[in-house]
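Enquirer: Before I ask anything, here is the structure I am working with.
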Amino acid sequence: MKRNKIVAGNWKLNYGPKAGAEFALELRKKLLDTPGVQIILCPPFLALSPVRKAVEGTRIAVGAQNMHFAESGAFTGEIAGSMIKETGADYVILGHSERRHVFGEDNEMIGHKVARSLKDGLKPILCVGETIEERKAEQTMSIVAKQLRAGLADVSAAQMDEVLIAYEPVWAIGTGLTASPEQADKVHRFIRKELQDLYGEEVAAKTPILYGGSVKPDNTKGLLSNEDIDGALVGGAALKVESFAGIVSEAAALS
Ligand code: PGA
């Protein structure tokens, strides 16, 4: 099945409302000729509204980087999915390795967040991926399967229409080390097989599976040429309009 390519930029803790809107406007000007690629900008919470405004009327979508699993309540400092939706954002990254490893989010919590995001009308981008120790111990597939199954524990086959998966090997994030196209493809095919076991062939065939971990313009083609790699979740290279637009152009050439 032919799926459109997707390029999402995860800005992490960079660019507030002003810088975020400036970035989005500049990107908007540059990307007039790259149809066929779904672009998603994921700024910090405070920049969601201004970035959304800056890309109004274009095919560039906006997503958050995290959310809380409750609808509302006594959770000081947290942000609910409904609040994200209110800004005009459509996506939310959940289970990013920095949330798992720096902020101690576990599989169960991430599963609750995924379920809540869907109730709030957001499309979750569920991140999974192994550490270098787990890869060396040949646990990559078992770790990824566990993260995937727990993340999707409360998601029905019908809801899978709204779900994206991102395979992000922890050892490749922000390190300059990229999984080779073969390494990435192997895990992507495994994820699709897991989705098939969980939801059947049709759902598995249409679910977008992105790769993340040191994606740059010059390795995009190699990675995204694989049939099972539907796009990229980009960190460092998403912080410069030039390099992010370069990745989008490479993806567009494959669409
Ligand atoms: P990176 O980050 O592209 O800087 O490796 C990717 C991510 O964390 O999503």
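The values are calculated or read from the model by the stated rules, or taken from the named source; none is laboratory data. As the structure is a computational prediction, the values presented were derived from the model and not from experiment. Positions of Cβ are generated from backbone atoms using ideal geometry, with glycine treated the same way; all protein chains shown enter the neighbour counts. Protein only, heavy atoms only, side chains kept; ligands, DNA and RNA dropped before computing areas. Shrake-Rupley method; radii C 1.70, N 1.55, O 1.52, S 1.80 Å.
Enquirer: Can you list residue pairs whose Cβ atoms sit under 8 Å apart, with the first residue in the stretch 173-192 being of a type in the set (Ser, Thr, Tyr) and the second being open to solvent by less than 20 Å² (accessible area, probe 1.4 Å)? Count only pairs 6 or more apart in sequence or on different chains.
Expert: The qualifying pairs are Thr175/Gly213; Thr178/Ala172; Thr178/Gly213; Thr178/Val215; Thr178/Leu223.
Enquirer: Specify which of the listed residues (Ile209, Ile173) is modelled with pLDDT under 95, of a type in the set (Val, Ile, Thr) and either under 16 Å from Met1 (Cα atoms) or under 15 Å from the mean Cα position of the chain (by Cα) (or both).
Expert: Every option except Ile173 fails the conditions.
Enquirer: Turning to a different aspect of this structure: Please list, ordered by first then second residue, the pairs with beta carbon atoms under 8 Å, 6 or more apart or interchain, first in the stretch 221-242 and within 8 Å of the ligand (Cβ to nearest atom) and open to solvent by 10 Å² or more (accessible area, probe 1.4 Å), second charged (D, E, K, R) and part of a loop (DSSP other than H, G, I, E, B).
Expert: Gly235/Lys12; Ala237/Lys216
Enquirer: Out of the residues in the stretch 105-132 that are closer than 17 Å to Glu168 by Cα and open to solvent by 10 Å² or more (accessible area, probe 1.4 Å), which is farthest from the chain's Cα centre (by Cα)?
Expert: The residue in question is Ile132.
Enquirer: Residue by residue through the stretch 154-186, note down the ones that are within 13 Å of the ligand (Cβ to nearest atom) and among the charged types (D, E, K, R).
Expert: Across the stretch 154-186, the qualifying residue is only Glu168.
Residues are listed down the side, and each one gets a yes or a no for (1) in contact with a Pro (Cβ under 7 Å, 6 or more places away or on another chain); (2) not small (Gly, Ala, Ser):
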residue	(1), (2)
Gln183	no, yes
Glu202	no, yes
Tyr211	no, yes
Asp218	no, yes
Asp228	no, yes
Ala238	no, no
Gly246	yes, no
Glu250	yes, yes
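Enquirer: Based on what the data block shows, is Leu177 part of a loop (DSSP other than H, G, I, E, B) and out of contact with any His (no Cβ under 9 Å at 6 or more places or on another chain)?
Expert: Here the answer is yes, as Leu177 does meet what is asked.
Enquirer: Here's another thing I want to ask about it. Kindly indicate which of Asp161, Asp154 is in contact (Cβ under 8 Å) with a residue 12 or more places away in the chain, open to solvent by 30 Å² or more (accessible area, probe 1.4 Å) and part of a helix (DSSP H, G or I).
Expert: Every option except Asp161 fails the conditions.
Enquirer: Return the residues of the stretch 1-32 that are part of a loop (DSSP other than H, G, I, E, B), within 18 Å of Ala64 (Cβ to Cβ) and more than 16 Å from the ligand (Cβ to nearest atom); say none if nothing qualifies.
Expert: Gly16 - this is the single residue of the stretch 1-32 that is part of a loop (DSSP other than H, G, I, E, B), within 18 Å of Ala64 (Cβ to Cβ) and more than 16 Å from the ligand (Cβ to nearest atom).
Enquirer: Just checking, does the stretch 188-208 include any residue being over 22 Å from Asn14 (Cβ atoms), open to solvent by less than 10 Å² (accessible area, probe 1.4 Å) and within 13 Å of the ligand (Cβ to nearest atom)?
Expert: No.
Enquirer: Output the residues belonging to the stretch 95-116 that are within 14 Å of the ligand (Cβ to nearest atom) and either out of contact with any helix residue (DSSP H, G or I) (no Cβ under 9 Å at 6 or more places or on another chain) or not hydroxyl-bearing (Ser, Thr, Tyr) (or both).
Expert: Those that are within 14 Å of the ligand (Cβ to nearest atom) and either out of contact with any helix residue (DSSP H, G or I) (no Cβ under 9 Å at 6 or more places or on another chain) or not hydroxyl-bearing (Ser, Thr, Tyr) (or both): Gly95, His96, Glu98, Arg99, Arg100, His101, Val102, Phe103.
Enquirer: Identify the residue in the stretch 38-49 that is surrounded by fewer than 23 Cβ atoms within 10 Å (Cβ to Cβ) and more than 16 Å from the ligand (Cβ to nearest atom) and, among all such residues, is farthest from Arg99 (Cα to Cα).
Expert: Per the criteria, the residue is Gln38.
Enquirer: Contact list please: Cβ distance under 7 Å, first residue in the stretch 193-212 and within 19 Å of Leu233 (Cβ to Cβ) and part of a helix (DSSP H, G or I), second residue hydrophobic (A, V, I, L, M, F, W, C) and open to solvent by less than 10 Å² (accessible area, probe 1.4 Å), pairs at least six apart or on different chains.
Expert: Glu194/Leu148; Leu195/Ala204
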